[in-house]
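This structure is in structure tokens; I'll ask about it shortly.
The values are calculated or read from the model by the stated rules, or taken from the named source; none is laboratory data. Fair warning: this is a prediction, and the values are worked out from it, not measured in the lab. Don't worry about glycine lacking a Cβ; one is built from the backbone with ideal geometry, like all the others, and counts go over all protein chains shown. The protein model used for the area step is the full one, side chains on, heavy atoms only, and it has no ligands, DNA or RNA in it. Shrake-Rupley method; radii C 1.70, N 1.55, O 1.52, S 1.80 Å.
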Amino acid sequence: MASTAGVIFSSLNERNIPELTKVRSIGSIPYGGRYRLVDFALSNMVNSGITTVGMITKNNYQSLMDHLGSGKNWDLARKEGGLILLPPYSDDSETLYNNRLEALKGATAFLKKANEDFVVIADSDAVYKLDYSKVIDYHIKKNADITMVYHEHEVKKSHYYITFATNKDGRVTELEINSSVGGVQKNYINVMVARTSFILRLIQNAIQCGYKSFGRDILSPGVKSLKLYGYKLDGYYENIDSLKSYFKANYDLLDRNIRNEIFGERAVYTKVNDSAPAKFAETAKVKNSLISDGCLIEGTVENCILFRGVKIGKGSVVKNCIIFSENIIGENCNLQYVVSDKECFITDNRVLAGCELQPYFINKSTRI
């Protein structure tokens, strides 16, 4: 593959899911019992041969740093290139970035030093598998300025989003931001490929012109002035833009076909924790659930995802729940459609319930 660097936004779109980003960046949101959302963008890059990756940080990134460490688990602990945490401001600014364009401005020094021919720029708030090397080959073949990756699905109208249309050759002919048109459309998933030199010129021009929005000030008018092409992502894709979508993305893992698609073939790398295997007492009843290492189950668990170190007491019934690590659920409790953050303690005889459309959320380190 042509020499390529990667840039990952670990903290964009945090306002979409404030429940889970109060104490962490969106990229470090736990997922699937042992992973973090950033693992997908990062693993996609590593599996595509990208070994120089800049991770743009912002707020609450201590858990992200703890998770990533030196990058060893992704084979990115290198003397040259590797995983590089980028500060949330540029060399000539002491203020945090407010949008994607300002964040990219802060990454210009990294891109210049990396000296790679191409750059893949991706968010970390979605679950998907993608071979970026194929996108780059497509980008070169089309001689594009920017190649935008899209997925065809029902439009979500709750937050900022971009949809577009392409001609037979794949070139973007129309681009809409927060379109009022519903139905299945080509939704841009905030993954793009471009030549590094082109992105650097684009950022410099945006600074000189006082642009504020990458989508409104560059992509939208660029339909006519730039060679924008679309690359289709096939297969599973779920954007985490609300507690509801987070619940769905985790719940999808209980479908064997989806689980095999996400974790089959190319590996999804993550931080490795050495924990004792899960323990199941004689009173335990478990059905259609993902149980992580270190858990102790003495009650009933059905259609749930339990992270490491969760304890379910005797007589308790936990259904359709996502329980983060180190939760202790006492005896004779009843939990349904609950998302419980880390280190919570649910005392005996408690009844907590939400619904699939609005799960009941428990903040980190809460005692109920």
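Given the rule -39500 (n - 2.57) for each run of at least 4 DSSP H residues, summed and divided by the residues of the chain, what is its mean residue ellipticity at 222 nm, to the nearest 500 deg cm²/dmol?
Values: 10 runs with 83 residues, N = 368.
Result for the chain, helices only: -6000 deg cm²/dmol.
What is the spin-label model distance, in nm, from I368 to K285 if the labels are put 7 Å beyond Cα along the C-beta direction?
Roughly 2.2 nm, to one decimal.
On to the next question. Largest first, please: the extent of the C-alpha atoms of the chain along each principal axis, to the nearest Å.
66, 48, 39
GNM, the chain, Cα, under 10 Å: largest mean-square fluctuation among F118, F110, F263?
Largest GNM mean-square fluctuation: F263.
Let me check I have the definition right: for segment 296-368, take the eigenvalues of the Cα gyration tensor, multiply each by 5, take square roots. What are those semi-axes in whole Å, largest first?
Details: eigenvalues 45, 36, 27 Å².
Equivalent-ellipsoid dimensions as semi-axes: 15, 13, 12 Å.
I've got another one for you. Regarding segment 115-267, what are the three Cα extents along the principal axes, ordered largest first, in Å?
Its Cα atoms span 49, 35, 31 Å along the three principal axes.
What do you reckon, how do E176, E238 stack up by accessible area (1.4 Å probe), largest on top? Kindly include the intermediate steps, with their values, before the conclusion.
Working: E176 95, E238 15 Å².
Correct descending sequence by accessible area is E176, E238.
How much length is gained on full extension from S70 to R350, taking 0.36 nm per residue of separation minus their Cα-Cα distance? Can you show the working numbers first?
Details: separation 280, 0.36 × 280 = 100.80 nm, distance 4.16 nm.
Additional length available on full extension: 96.6 nm.
Something else: Looking only at R36, R24, R256, which one moves most when the chain is put into a Gaussian network model with springs between Cα atoms under 10 Å?
Checking each option, the largest mean-square fluctuation is seen for R256.
Suppose every Lys and Arg Cβ carries +1 and every Asp and Glu Cβ carries -1, with no other charges. What dipole size does segment 258-316 come out with about its Cα centre, to the nearest 20 debye?
For this selection, approximately 120 debye.
To continue, here is another question. Taking a probe of 1.4 Å, how large is the accessible area per residue of the chain, in Å²?
Details: 16740 Å² over 368 residues.
Dividing the accessible area of the chain by its residue count gives 45 Å².
Can you grab the distance from the C-alpha centre of segment 47-92 to the C-alpha centre of segment 123-201, Å, no decimals?
Rounded to whole Å, the Cα centres lie 24 Å apart.
A further question on this structure: Specify the inter-centroid distance of segment 268-312 and segment 8-36, based on alpha-carbon positions, in whole Å.
Using only Cα atoms to place each centre, the spacing works out to 22 Å.
Mind checking the dipole of the chain: about its Cα centre, +1 per Lys or Arg Cβ, -1 per Asp or Glu Cβ, Debye to the nearest 20? Numbers along the way, then the final one.
Numbers: 46 positive and 41 negative charges, 58 e Å.
Using Cβ point charges on Lys, Arg, Asp and Glu, the chain gives about 280 debye.
Rounded to whole Å and ordered largest first, report the semi-axes of the equivalent ellipsoid of segment 1-140 derived from its Cα gyration tensor (root of 5λ).
They are 22, 19, 14 Å, listed from largest to smallest.
Mind checking which lysines have their Cα closer than 19 Å to the Cα of K105? Skip sequence neighbours fewer than 8 apart in that chain.
Result set, ordered by chain and number: K58, K113, K212.
Let me ask something else about it. Rg(Cα) of segment 230-368 divided by 2.2 N^0.38 Å?
Numbers: Rg = 15.6 Å, N = 139, 2.2 N^0.38 = 14.3 Å.
Its radius of gyration relative to the 2.2 N^0.38 Å reference: 1.08.
Shifting gears a bit: How much length is gained if the chain between K232 and D217 is pulled fully straight, taking 0.36 nm per residue apart and subtracting their Cα-Cα distance, in nm to one decimal? It would help to have the intermediate numbers written out before the result.
Details: separation 15, 0.36 × 15 = 5.40 nm, distance 2.37 nm.
Going from the current span to full extension adds 3.0 nm.
For the chain, what does the relative contact order come out to in percent, with C-alpha contacts under 8 Å and a separation of six or more? Write out the running numbers ahead of the final one.
Numbers: 846 pairs, mean separation 52.9, N = 368.
Result for the chain is 14 percent.
Report, ordered by chain and residue number, the lysines lying within cross-link reach of K287, taken as a straight Cα distance under 22 Å and ignoring same-chain residues fewer than 8 apart.
List returned: K248, K279, K311, K314, K319.
Put a dot 7 Å past each Cα toward the Cβ at E331 and L357; how far apart are the dots in nm?
3.9
Tell me, what are the semi-axes, in whole angstrom and largest first, of the equivalent ellipsoid of segment 174-257 as set by the roots of 5 times the Cα gyration tensor eigenvalues?
Working: eigenvalues 193, 45, 39 Å².
Result for segment 174-257: semi-axes of 31, 15, 14 Å.
Rank N60, N239, N205 by mean-square fluctuation in a GNM of the chain with C-alpha springs under 10 angstrom and give only the top-ranked residue.
The residue with the greatest mean-square fluctuation here is N205.
Here is a follow-up. Leaving ligands, DNA and RNA out of it, report the carbon-plus-sulfur percent of the accessible area of segment 255-361 at a 1.4 Å probe. Show your work: numbers first, answer last.
On the way: 2430 of 5480 Å².
Heavy-atom surface of segment 255-361 belonging to carbon and sulfur, 1.4 Å probe: 44 percent.
Still on this structure, I have one more. Could you work out the relative contact order of segment 318-358, using alpha carbon pairs under 8 angstrom and six or more residues apart, expressed as a whole percent?
Working: 85 pairs, mean separation 16.7, N = 41.
Relative contact order comes out at 41 percent.
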